[in-house]
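This report concerns only the one structure given below.
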Amino acid sequence: MKNAFIEAIEIIEKIELNGFEAYFVGGCVRDSLLQMDIKDIDIATSASPEQVQAMFDKVIPVGLEHGTVVVVHKGVAYEVTTFRQDGEYTDQRHPDEVIFVKDIKEDLKRRDFTINSLALNSNGELIDLFGGREDLENKLIRTVGNPDDRFYEDPLRIIRALRFSSQLGFDIDENTLKSMKKLKQEIETVAVERLTNEFTRFFQGPFVEKGLHYLISTEIDRFLPIFKEQPNLLRRLPKQISSFVSFAEVIAMFHYLDTNISIQEWIRSWKCSNRIKNEAINLSEALFNYEQNGLSDWLIYRLNRDYLESFHHLIELLSKEQYSLAELRHRKDQLPIQSRDDLAINGHDLLQIFTDKKAGPWMKQMLETIERLVVQRELQNTKNAIKEWILCHPPETN
Ligand code: ATP
Ligand code: MG
């Protein structure tokens, strides 16, 4: 069994000692069989959330209504969820009610794809009720049970199929794919936040080209925010696409491909956070600046360091010139200043130089000009050099 499981087994053993069943389930089992890194370990158990809470010292009740608590063991968080079956998805947005069930079989049956419905017990034995292992070997995404029923129950699964194809590079089983095409309009009933979450991972997938191929050939995009009004947008993507770092990067790319759709509109339609909005704006400004002036120091200065990797990926996708990420980082490190705070002069100094002037917008303008000159190495960042420049370029206003 993989190392990552070794500490987690102690949780399972403790639950078993208390007379309940517990298994590793979902993504961690799939990824360990694929010899991939395991992101987080999920555990399914016959014990109720309250019973789990009573067994461990450090438990966070993150989603009691779904039967989920987080057990913190040796500094690592594990989601422990009581065996359950999902109620009818009447509004197709959220599972209506959660019905707890007695055994793991029922719990595995509610899961979306065969490769996600594998469980592992504390002896390392695999519970594979739906041929998940074979599908893993054949690299196939296939629903547990009848695809029409499963997609109708929760149409987000249609997008999840695309997401796993992009993450794992797997094909989608023929019947599953047929059903995705048939029921694609149901996607419109899904809460947008859930779509955004899946599409973020979709675009991060190492096999995003494969995912995009499915997305385009099924025309599922016709039922997605913005894409539904812009049927050509996806088809305008460059031929070769590699994985994105963030959803903000995806937005910046599409805004670059079609400036008629503003970043604000992307953020509103996909219900993104302010953090994503600011990142998309910063990246987009850098892209347009790059298009006009190439890779200038000013561009690199204005671009947030955390987004250098995204920017690097975007220019790799959208332009012919190539720069290595290391080169971009180096240029950022070598800038004369990293922020306006690093300037050798500030507003207070300006008022001391121009004693006859009152504080006002002229100060901001002047500092901006100085900032740009210093970044572009046209002016030395010393008090004397800047003072000299200021005296030769006094502000026009009073
Ligand atoms: P990742 O490692 O990328 O997070 P994952 O398989 O853990 O992949 P999650 O979205 O975290 O994916 O879901 C955990 C598990 O819960 C899945 O493996 C699947 O068994 C089940 N699951 C999640 N969402 C659904 C859904 N909409 N319908 C049915 N089962 C689901
Ligand atoms: Mg997961």
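Here are a few things to note about the model shown:
- Whole-angstrom gap from the stretch 148-208 to the stretch 283-354, using each part's C-alpha centre: 37
- Inter-part distance where the stretch 40-54 and the stretch 356-398 are each reduced to a Cα centre, Å: 63
- Relative to the current alpha-carbon distance between T259 and Q85, full extension at 0.36 nm per residue lengthens the span by 58.1 nm.
- Using Cβ point charges alone (K and R +1, D and E -1), the dipole size of the stretch 172-325 about the Cα centre works out to roughly 380 debye.
- Here the relative contact order of the stretch 295-398, from alpha carbon pairs under 8 Å that lie six or more residues apart, stands at 28 percent.
- Legend: calculated FRET efficiency, F288 to T369, from the Cβ-Cβ distance at R0 = 30 Å, rounded to 0.05, equals 0.90.
- Taking max minus min of the alpha-carbon positions on each principal axis, the chain gives extents of 82, 51, 37 Å, largest first.
- With respect to the chain, whose longest principal axis is taken over its alpha-carbon atoms, helix 208-218 is tilted by about 70°.
- Each Lys and Arg adds +1 at its Cβ and each Asp and Glu adds -1 at its Cβ; summed about the Cα centre, the chain shows a dipole of about 1060 debye.
- When the C-alpha to C-alpha distance is required to be over 26 Å, the pairs from K105/K210; K39/K74; K139/K181; K139/K182 that qualify are K105/K210.
- Annotation for Q35 and R340: the two label points, set 7 Å from Cα along the Cα-Cβ direction, are 5.4 nm apart.
- Highest-fluctuation residue, E186, E13, E249 considered, GNM on the chain with Cα pairs under 10 Å: E13
- Equivalent ellipsoid, the stretch 1-129 (semi-axes from 5 times Cα gyration tensor eigenvalues, Å): 21, 19, 13
- Solution diffusion estimate, µm²/s, Stokes-Einstein, the stretch 1-61, Kirkwood Rh from C-alpha pairs, 10 °C, viscosity 1.306 mPa s: 129
- Listed cross-link partners K178/K271; K277/K364; K364/K387 are compared with a 19 Å cut-off, the Cα-Cα value being larger for K178/K271; K277/K364.
- Here the stretch 111-238 is assigned +1 on the Cβ of each Lys and Arg and -1 on the Cβ of each Asp and Glu. Its dipole about the Cα centre then comes out at about 440 debye.
- Directionally averaged projected area (convex hull, Cα atoms, the stretch 232-351), nm²: 9.2
- With the simple spin-label model, which puts each label point 7 Å out from Cα in the Cβ direction, the I216 to K139 separation comes to 2.0 nm.
- Think of it as helices only: each DSSP H run of n ≥ 4 in the chain is worth -39500 (n - 2.57), and spread over all residues that comes to -14000 deg cm²/dmol at 222 nm.
- On the beta carbon distance between E16 and V192, with R0 = 51 Å, the FRET formula returns roughly 0.80.
Bear in mind these aren't lab numbers, they're just calculated from the coordinates by the rules spelled out. Because the structure is predicted, anything quoted here is derived from the model rather than measured. Note that we place each Cβ from the backbone using ideal geometry, even for glycine, and neighbour counts take in every protein chain shown.
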